[in-house]
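Remarks on the structure that follows.
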Amino acid sequence: MPVPTATVVIDNCVITDSSQGIVICVTDGGFVSDLQISNVTINLRRFGWYHLQGGAISFIMKRRSEWEGTPVAKGEPAPGVIRNIAIRNVIAHCTGPSNIDGHPESPIDGLTLENIKLIISTDPAAPYDMTVHGMRITNATNLKLKGIEVQWDKPALDQWQSALDLENVQGVELDDFVGRQAWPDRNFPAVEFNDVSDAMIRDSKAAEGTGTFLGVRGKKSGEICLLGNDLRKAKVAYKVAPESAAARVTEMQNLLPPK
């Protein structure tokens with residue numbers, strides 16, 4: 001049975017003095033489709049207990065049993081559907097991560113993120129902070145990322161790692177990305193691919209202090225191309241983990257780190 005669609009447009013908004021920015025939450029077989037969000041300025045702070053506090057963009061897709069930590073019930077609906085979402089022109093001051101999570105049984109399909117600037121800090125007064133990566137995207141297909149910029153601000157958090165982390169994603173176009181890992185002296189890549197295939201990174205730039213620009217992990221990673229990137233400020237263009245030895249990584253027309 002086809003999933004119904006409805007077009008929703010949200011434009012020219014300011015979100016301020018809030019604990020969360022843009023959130024899409026799907027459960028019980030629900031769907032979100034054909035949504036456009038653009039021209040949003042976000043200023044966040046943490047208010048207390050909820051684990052999503054401080055994140056600029058968050059997608060969650062779970063069965064009810066997964067929320068409750070119980071076995072899947074007989075006749076329980078599928079996780080749901082998130083597809084054909086475009087978010088453009090966002091500047092966000094964050095005190096938490098942007099976690100965009102599809103479901104292993106129902107990947108997010110056709111997500112576009114364009115001109116997204118994240119300025120990330122922490123709140124020393126908050127009871128906890130679960131930020132690890134600036135933006136993390138899991139379980140997705142046909143992903144387009146353009147003009148993503150991640151800046152690590154102060155106060156900082158010791159557990160911060162990569163600017164962009166993708167896991168179990170098939171079909172990625174990453175254009176005009178600017179960023180580095182959180183801590184210049186630590187061995188995390190600016191961009192981490194874990195089980196990512198059919199990926200193109202174009203016209204992107206390693207920020208000052210970048211160690212490894214791209215890290216590739218996972219047995220399912222492969223067919224990754226770096227084209228026309230400025231990687232001169234990185235120490236290493238990319239590293240492939242031992243379990244990803246069969247992954248094919250192609251370089252073309254990049255400005256590479258000095259030898």
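The values are calculated or read from the model by the stated rules, or taken from the named source; none is laboratory data. Just so it is clear, the model here is predicted, and its values are computed rather than measured. Virtual Cβ from ideal backbone geometry, glycine too; neighbours counted across all protein chains shown.
I'd like to know if the range 157-179 contains one or more residues that are closer than 28 Å to Gln53 by Cα, buried (at least 24 other Cβ atoms within 10 Å of the Cβ) and either of a type in the set (Phe, Trp, Tyr) or more than 15 Å from the chain's Cα centre (by Cα) (or both). Yes, the range 157-179 contains a residue that is closer than 28 Å to Gln53 by Cα, buried (at least 24 other Cβ atoms within 10 Å of the Cβ) and either of a type in the set (Phe, Trp, Tyr) or more than 15 Å from the chain's Cα centre (by Cα) (or both).
One residue stands out among those in the range 182-209 that are surrounded by fewer than 18 Cβ atoms within 10 Å (Cβ to Cβ) and out of contact with any Lys or Arg (no Cβ under 7 Å at 6 or more places or on another chain): the one that is farthest from Gln151 (Cα to Cα), which is Asp198.
Out of Thr112, Thr41, Thr138, Thr95, I need the residue that is of a type in the set (Val, Ile, Thr), at pLDDT below 95 and under 23 Å from Val178 (Cβ atoms). Which one?
Thr95
In the range 215-259, counting only strands (runs of 3 or more DSSP E) that sit wholly within it, the ones holding 2 or more residues that are within 21 Å of the chain's Cα centre (by Cα) and in the same structural domain as Val178 (by TED's automatic domain parsing) span 222-227, 236-240. Could you list, in sequence order, all residues of the range 122-135 that are buried (at least 21 other Cβ atoms within 10 Å of the Cβ) and under 17 Å from the mean Cα position of the chain (by Cα)? Scanning the range 122-135 gives Thr131, His133, Gly134, Met135.
Which one of Gln170, Gln151 is at pLDDT 95 or above, assigned to a strand (DSSP E or B) and not assigned by TED's automatic domain parsing to the domain that holds Ser65?
On the way: Gln151 fails: not assigned by TED's automatic domain parsing to the domain that holds Ser65.
Criteria check complete, one pass: Gln170.
Can you tell me which residue within the range 76-99, out of those that are in a strand (DSSP E or B) and among the charged types (D, E, K, R), is nearest to Val169 (Cα to Cα)? Among those that are in a strand (DSSP E or B) and among the charged types (D, E, K, R), it is Arg83.
Asp185 passes every criterion in (1) at pLDDT below 95; (2) touching a Ser or Thr at 6+ places or on another chain (Cβ under 7 Å) apart from (2).
Looking only at the range 100-137, residues that are under 20 Å from Gly171 (Cβ atoms) and either assigned to a strand (DSSP E or B) or outside the structural domain of Val32 (by TED's automatic domain parsing) (or both) come to 15 in all.
Considering the range 16-37 alone, what residues qualify as being of a type outside the set (A, V, I, L, M) and either within 30 Å of Pro127 (Cα to Cα) or assigned to a loop (DSSP other than H, G, I, E, B) (or both)?
Matches in the range 16-37: Thr16, Asp17, Ser18, Ser19, Gln20, Gly21, Cys25, Thr27, Asp28, Gly29, Gly30.
The single residue among Ala241, Ala245 that is of a type outside the set (Phe, Trp, Tyr), more than 11 Å from Val191 (Cβ to Cβ) and without any contact (Cβ under 8 Å) to a residue 24 or more places away in the chain turns out to be Ala245.
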